[in-house]
Structures are given as structure tokens and as C-alpha cells.
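Working notes, beginning with the structure itself.
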Ligand SMILES: N[C@@H](CCC(=O)N[C@@H](CS)C(=O)NCC(=O)O)C(=O)O
């Protein structure tokens, strides 16, 4: 199967330019169909020039938009099958209950890539330190994520990669790039001020994650000789202050809002797994009532249910590490 890259085509003669436009229209149709689920892409071979770099025959087209992960073969093809094909090139090594792993899984679900391959590894058995993981991730941490030959291990990086990768191929065509970004849920808004808020919430969620870890997993984060009662107290106060900030953000929004406004966004993808630890570890709900409302709303979302940590399903009640917050 041949490889179709828009820039290759654009460098060719005017016939290829026309063909590129046809392909754009096709891909546009494919994506809008994908937005509503199962659908068929109809190829009109009479629109394609003979000199196209693709294999064409009456009623038949074969091309593979490899960089997009899309491939079509035959006159028609189910769009969801094409999307599944793209997902099957993806491999995620993950651990149950890990917020960084969970956020990548939510992003995969939201982008309609639930057919990705995965390996669930046990931290207790130190499976994340295997040679297989280390070959891809020298820090031997999870998530470790691979798409074809592309390795993206940092959880934030993997989430952003899943959102924008199709945009890059069609850099010269703003229309196509915006259509492609809308595969599944659009996680980064177009409007600059909305986008700025999403970025702000995405990156500041690292504070909430770090501060939650340092209280909830104090004994695990700090070795015995480095533990001090005064430090525990300070870290608890720091987490309470951090929670107040997030409460304040939600208080300024109407009920039912997401972390960065009225639409679900990348901020929710990265932050929800951290928020979910508060009820699990018995944080008193009065410490963060709006965050808890947000939690109860999002836990019913399909992507979140589909990626819920199996260890949490087995043991729905977690330890009481945040009970005294
Ligand atoms: N910066 C990484 C952090 C990943 C991370 O801390 N993963 C933890 C699980 S939550 C891990 O693999 N820990 C095992 C270890 O560090 O040995 C990301 O966000 O992807």
C-alpha cells in the first residue's frame, strides 16, 4: 500500500493538487462520519487523476495516510474500522491506579482510540523495571507509550500528542487541521483565551498531584530517616491551600462546569485521576465540596468509566490516608 503525504502531493503537478483536494474532502468526510460513529467513506475515482501517486482503478482506491494513522482500501471502508486500525499501532504499558497512566487512558478513550494495545504491569512485582519497559523508558516508569516507532512516555506529552498529531500533517490547511482535531472529543479549544485557561489548568494540576502525593503517600515518598512530624503538618496545610484554589476556580463557574469551562477539555483529562484520589482516600468532602461535585459528575463519563483502575474495581474502598485532612 502506498504512502500518502499531503506535502508530497502538493509538490507535484496540478493534477496532484486536485487530487490532494479530493483527498482532503474525503478525509473531512471520514472524520465527520467518525464523529457520529460507524459510517462509510465513498471514494469517487473519477475525481482522481491518472498520475496520482496512489493505486487507483474503477471503483477502487488504495491509499494509506500513514502519518495520520488512517488507511483505506477498497471502494468503501468503515471509518470506525480505520480508527481501530490506527489504535492497534499504539501500545501502552500501564499500572492500575497510577494517575499518569490513567490520564493517557482517558485521552485514548476520548480520541476514539480504545482499540489500543496495552500491557498492565504490577508495581508490586516491579514489572515496570523490566528490560522491555527500560528499552523504551530509561526511567522505568509508567506510563510508557509507543505509537508505531514514536515513543512518548511523559503522560502530559502523550495526552497532547494524541490531541494534536493529526494537526501537524495538515499544517498548510487550517480547515483540515481543525476537522482532524475534532476526532473524538476536542480537548484543546480554538479560542485563544479558552485555550490559555486549559493550558493553565493542565500544568498547574501538577501542584495538586505533587501535594496530594506528599500527604497521601508520605511514608512511600520519604524514607524513614527523612520523616518529620513538622513536615507532615506543613505538607498537609499546603495541600489544604492548594485545594482551596481549585475550589475557588469551580466556585466561579456555573454548576456542572468542567475544570476549564463549559466543555470537557485536556484539563479534565489530566486532572481527573488526581481528583479521584480524594474521595478514594477518604478526604472529608467538606474540604472540597465543588471538586467532589465535579468528581461525581465525571465519574459517570464513558471514557472515565472505561478506564477506571481495575484495582479500584476489585477494592472499591481505599485506605484512609486523607481522612485527617
Ligand atoms: N512524569 C511521569 C511520572 C510517571 C510516574 O511517576 N509513574 C509512576 C507510577 S504513578 C511510576 O512509574 N513509578 C515507578 C517508579 O518510579 O519506579 C509522567 O507523568 O508520565
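The values are calculated or read from the model by the stated rules, or taken from the named source; none is laboratory data. These figures come from a predicted structure and were not determined experimentally. Please note: Cβ atoms are built from the backbone with ideal geometry, for glycine as well, and neighbour counts cover all protein chains shown.
Take the conditions at pLDDT 95 or above, out of contact with any helix residue (DSSP H, G or I) (no Cβ under 7 Å at 6 or more places or on another chain), crowded, with 21+ Cβ neighbours inside 10 Å and in the same structural domain as residue 219 (by TED's automatic domain parsing) and apply them to residue 283. Does it pass? Criteria met by residue 283.
This table checks each residue for (1) modelled with pLDDT under 95; (2) surrounded by 15 or more Cβ atoms within 10 Å (Cβ to Cβ).
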{"site": "107", "(1), (2)": "no, yes"}
{"site": "150", "(1), (2)": "yes, no"}
{"site": "162", "(1), (2)": "yes, yes"}
{"site": "179", "(1), (2)": "yes, yes"}
{"site": "191", "(1), (2)": "no, no"}
{"site": "197", "(1), (2)": "no, yes"}
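Scanning the stretch 300-317 for residues that are free of Cβ contacts under 8 Å to residues at least 40 places away in the same chain and more than 10 Å from residue 102 (Cβ to Cβ) yields 300, 301, 305, 313, 314, 315, 316, 317. Of the helices (runs of 4 or more DSSP H) lying entirely inside the stretch 88-170, those containing at least 2 residues that are under 15 Å from the mean Cα position of the chain (by Cα) and within 15 Å of the ligand (Cβ to nearest atom) are 99-110, 155-169. Taking first residues from the stretch 143-159 that are farther than 10 Å from residue 92 by Cβ and without any contact (Cβ under 8 Å) to a residue 40 or more places away in the chain and partners that are within 8 Å of the ligand (Cβ to nearest atom) and in a loop (DSSP other than H, G, I, E, B), the Cβ contacts under 8 Å between residues at least 6 apart in sequence or on separate chains come to 153/139; 153/141; 153/143.
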